[in-house]
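A short worksheet on the structure shown next.
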Amino acid sequence: MQPVLEISATDDFALWPVGKQESYGYLVLNGELTPAEVGTAVMQIAECNDFEPEEEHGPCPTDPLGTFLHGLLTMPDLFAAGGFRVSDNTTDAVFVEPGCCNGLETWRDWLEVLDGTGCSYFGHDPSLVAERVGDSVRLTFDAYGTDGSPVIELSVDQARRLVTGAQQDLQDFLSLAGTWAEQHLPAHAAAVTAALARALDLTPTP
């Protein structure tokens, strides 16, 4: 299980260094990314929230960097397209990709599966659903698809370890992004790091 961020095209972006990524592919977030990959992730999360905030959030800056970061730094509810991807490490087969309109800011819904209602949906087309059934967690690739949709069964303990590991990957990315921001966006480093923490539903690391 890995936290992944959906990436759109980066070819024309010039506000800070970014890596070359396949458009509409996924970037795995963890503490081992290169500076260019971190720049790509920060760019994408900012772009996800690049729309005109409400009037109470203040006027939009006129400089290109301030304009691009304005939504990320002022909107109360932030979005980071992606989610937790489930793969088979022995075969490198990807079983579950985040669905459309799913975001990393809702990753705690996996905890709801383990300790709450026992059921959560993670996007659509396909409609991934995770359900707790007794001592197991069942992942159905497309709950509304045709019969025979792929299903993965995990023990609750195994699912909990996977979610904990993915959460740590997100935390490690946030720590790395904080260091990156100090180097590449020194005037906005603290605000950007705090915004990333909100976008990923994490507590900023000191």
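One residue is enough: does the stretch 101-118 have a residue meeting the conditions surrounded by fewer than 19 Cβ atoms within 10 Å (Cβ to Cβ), part of a loop (DSSP other than H, G, I, E, B) and touching a Gly at 6+ places or on another chain (Cβ under 7 Å)? For the stretch 101-118, residues surrounded by fewer than 19 Cβ atoms within 10 Å (Cβ to Cβ), part of a loop (DSSP other than H, G, I, E, B) and touching a Gly at 6+ places or on another chain (Cβ under 7 Å): present. His124 passes every criterion in (1) farther than 23 Å from Gln44 by Cβ; (2) surrounded by fewer than 16 Cβ atoms within 10 Å (Cβ to Cβ) apart from (1).
Yes or no, residue by residue, for (1) within 18 Å of His188 (Cα to Cα); (2) touching an Asp or Glu at 6+ places or on another chain (Cβ under 8 Å); (3) surrounded by fewer than 21 Cβ atoms within 10 Å (Cβ to Cβ):
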{"position": "Ala9", "(1), (2), (3)": "no, no, yes"}
{"position": "Tyr24", "(1), (2), (3)": "no, yes, yes"}
{"position": "Thr40", "(1), (2), (3)": "yes, no, no"}
{"position": "Glu47", "(1), (2), (3)": "yes, no, yes"}
{"position": "Phe51", "(1), (2), (3)": "no, no, yes"}
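Scanning the stretch 180-206 for residues that are assigned to a helix (DSSP H, G or I) and either small (Gly, Ala, Ser) or closer than 18 Å to Leu15 by Cβ (or both) yields a count of 15. The residues of the stretch 119-137 that are of a type outside the set (Val, Ile, Thr), under 24 Å from Asp201 (Cβ atoms) and either touching a residue at least 40 places away in the same chain (Cβ under 8 Å) or outside any loop (DSSP other than H, G, I, E, B) (or both), listed by number, are Cys119, Ser120, Tyr121, Gly123, His124, Ala130, Glu131, Arg132. For the stretch 20-52, the set of residues classified as in a loop (DSSP other than H, G, I, E, B) and among the aliphatic types (A, V, I, L, M) consists of Leu29, Leu33, listed by residue number.
Here Pro17 passes the criteria (1) over 30 Å from Ala159 (Cα atoms); (2) in a helix (DSSP H, G or I) except the one numbered (2).
Residues that are more than 21 Å from Leu69 (Cα to Cα) and within 14 Å of the chain's Cα centre (by Cα) within the stretch 1-30 comprise Met1, Gln2, Pro3, Val4, Tyr24, Gly25, Tyr26, Val28, Asn30, listed in sequence order. Quick one: in the stretch 153-206, which of the residues that are more than 20 Å from the chain's Cα centre (by Cα) and touching a residue at least 24 places away in the same chain (Cβ under 8 Å) is most open to solvent (accessible area, probe 1.4 Å)? Looking at the filtered set, the residue picked out is Gln183.
Within the stretch 79-89, identify whether any single residue is crowded, with 19+ Cβ neighbours inside 10 Å, at pLDDT below 90 and not in a loop (DSSP other than H, G, I, E, B), and answer yes or no. Yes, the stretch 79-89 contains at least one residue that is crowded, with 19+ Cβ neighbours inside 10 Å, at pLDDT below 90 and not in a loop (DSSP other than H, G, I, E, B).
The values are calculated or read from the model by the stated rules, or taken from the named source; none is laboratory data. Model, not experiment: these values are computed from the prediction. When we count neighbours, we look across all protein chains shown, and the Cβ atoms used for this are built from the backbone with ideal geometry, even at glycine. Keep in mind that these areas ignore ligands, DNA and RNA; they rest on the heavy atoms of the full protein, side chains included. Shrake-Rupley method; radii C 1.70, N 1.55, O 1.52, S 1.80 Å.
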